[in-house]
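Take a look at the structure set out below.
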Amino acid sequence: MKMYMPFLLIVSTTLLLTGCSQGNATTSGEKKLPELEVLTLKAQNVTIPRDYICEINGVEYVEIHARVQGYLEDILVDEGQFVKKNQPLFRISSHAYSEMVTKAEAALQRAIAEAKTKRLEVDRIRLMVDKNVISKMELEVATAQKEASESTVREARSVLENAHINLNYTFIRAPFDGILGRIPFKKGSLINSGTLLTSLSNIQEVFAYFQMSEPEYLRLLGKEIKGRQFKEEHQTVSLVLADGSTYPFEGKIEALAGDFDQETGSIAVRARFPNPDKTLKHGSTGKVLLHKTWQNAVLVPQESTFAIQDKSYVYVLDEHNVARVRNFSALARYDKYFVVNGLRQGDRIITEGLQQLRDGVPIKPRHLSVDSARLMQS
């Protein structure tokens with residue numbers, strides 16, 4: 001019996017150490033639960049801006065072209081100058097066109113004299129026909145000649161009118177109040193018919209043209225979609241200039257294109273902005289800001305989400321503090337957050353350590369002390 005005593009002591013000691021080891025392992029396993037930050041979602045109203053690249057045009061804009069050929073005799077204005085309607089801008093050499101007017105007037109006088117002669121001839125022949133001196137055939141020939149001479153008068157009047165028009169085209173005036181663009185020619189330059197002399201833009205107000213997709217267009221309609229009417233005048237917008245500054249005056253959407261561009265799937269939108277200081281110029285660029293207010297929106301930090309293929313997910317804690325994967329759809333993006341559908345107020349989501357997590361893994365939550373509204377402002 002004595003020879004078995006050491007063996008029994010060894011076995012007992014081994015079992016005791018094994019039991020202690022298992023107890024320590026259990027305790028160690030409990031301590032190794034990952035402690036991760038958890039955010040409790042809250043619903044709130046949030047206004048999210050959406051920007052669209054736009055092109056700015058004057059409410060009136062025209063390119064001024066020469067209508068006749070000649071030498072540029074006078075430039076009566078300067079680039080960038082504000083001009084009034086009918087103010088003289090350019091004068092093209094007019095001598096040749098004055099000669100055309102003179103010739104046309106002379107031709108008209110000859111035609112009038114010829115027509116008068118033919119009328120008298122018809123009256124003379126009619127008397128002779130009434131007295132049976134000559135045949136009616138002579139009267140018909142004379143009448144035809146009179147009608148031809150009258151047509152010549154009308155033609156001569158048309159030539160004279162056209163000559164006057166061309167003469168007037170040598171003196172170019174502003175069609176409306178506005179600011180002149182660049183003048184590429186100098187005095188004495190040979191100008192052809194159709195040559196671009198300058199441009200004129202009325203920028204008391206400006207149009208901002210931009211494109212939006214069909215889903216954004218439908219969201220813009222909002223409640224008005226049910227009535228099939230869109231009250232553009234109620235849609236105020238802001239403008240961000242090319243340097244990043246915000247234009248001090250708000251604009252209003254006033255027109256939508258009648259159809260979508262089949263290639264881009266977008267629709268053209270026009271907004272009107274006041275421009276009392278003439279800060280905005282025709283052809284400049286910027287960004288139009290539309291503001292969409294989401295009622296009772298649930299915001300989720302982007303850093304707490306992950307994507308698998310084309311779907312977005314978060315880890316949501318259940319009542320036992322076990323991480324569960326849940327799918328959601330992003331309705332809009334704002335700063336570092338998503339406005340989401342598929343999550344609700346009171347859900348607890350894990351905001352860190354997502355790469356090490358798996359569905360069904362328990363964690364030790366460390367609740368954030370700030371709400372989502374304060375997070376959004378940080």
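Computed from the mean reciprocal separation of all distinct C-alpha pairs, what Kirkwood hydrodynamic radius does region 95-169 have, in Å?
With all distinct Cα pairs of region 95-169 included, I get 13.7 Å.
If I take every Cα pair under 8 Å that is 6 or more residues apart in region 95-169, average their sequence separation and divide by the length, what percent do I get for the relative contact order?
52 percent
At a threshold of 8 angstrom on Cα-Cα distance, excluding pairs fewer than six apart, so keeping six or more, what relative contact order does the chain reach in percent?
Answer for the chain is 27 percent.
For region 282-355, what does the convex hull of the Cα positions come to per residue, in cubic angstrom?
119 Å³
Got a sec to turn the phi values of region 37-44 into Karplus ³J(HN,Hα) couplings, 6.51 cos²θ - 1.76 cosθ + 1.60 with θ = phi - 60°, whole Hz, x for Gly and Pro?
6, 10, 10, 8, 6, 10, 7, 7
For residue 364, which aspartates and glutamates qualify as cross-link partners when the Cα separation must be under 19 Å and same-chain residues fewer than eight apart are set aside?
30, 35, 37, 318, 319, 347, 352
With θ set to phi - 60° and the Karplus curve 6.51 cos²θ - 1.76 cosθ + 1.60, what are the ³J(HN,Hα) couplings of region 209-216 in order, to the nearest whole Hz, using x for Gly and Pro?
Once θ is set to phi - 60°, the couplings for region 209-216 become 9, 8, 10, 9, 6, 5, x, 5 Hz.
Nearest 5 percent is fine: what portion of the DSSP beta bridges confined to the chain is antiparallel?
The answer is about 95 percent antiparallel.
Sorted from largest to smallest, which semi-axis lengths in Å does the alpha carbon gyration tensor of region 92-249 give for its equivalent ellipsoid, taking the root of 5 times each eigenvalue?
Equivalent-ellipsoid dimensions as semi-axes: 65, 29, 11 Å.
If you fit an axis through the alpha-carbon atoms of helix 95-130 and take the longest principal axis of the Cα set of the chain, what angle between them do you get, 0 to 90°, nearest 10?
50 degrees
If each DSSP helix of 4+ residues adds -39,500 (n - 2.57) and the sum is divided by the residues in the chain, what number results at 222 nm, nearest 500 deg cm²/dmol?
Value at 222 nm, helices only: -10500 deg cm²/dmol.
Quick one: compute a quarter of the convex hull surface over the Cα atoms of region 226-325 and quote it in nm².
So the Cα hull casts an average projection of 11.9 nm².
Would you kindly derive the ³J(HN,Hα) couplings of region 339-350 from the backbone phi angles with the Karplus curve 6.51 cos²θ - 1.76 cosθ + 1.60 (θ = phi - 60°), listing them in order in whole Hz, with x for Gly and Pro?
3J(HN,Hα) across region 339-350, in whole Hz: 8, 10, 10, x, 10, 9, 4, x, 5, 9, 10, 8.
Rounding to the nearest 10 and keeping the result within 0 to 90°, find how far the Cα-based axis of helix 136-169 lies from the longest principal axis of the chain.
Approximately 50 degrees, to the nearest 10.
Where does each of 350-357, 128-135, 66-73 land if you order them by average Cβ count within 10 Å, highest first?
Going from most to least packed, we get 66-73, 350-357, 128-135.
Every number in this text was worked out from the coordinates using simple rules, so none of it is lab data. None of the values given here were measured: they were computed from a predicted structure. Cβ: placed from backbone, ideal geometry, glycine included. Neighbour counts: every protein chain shown.
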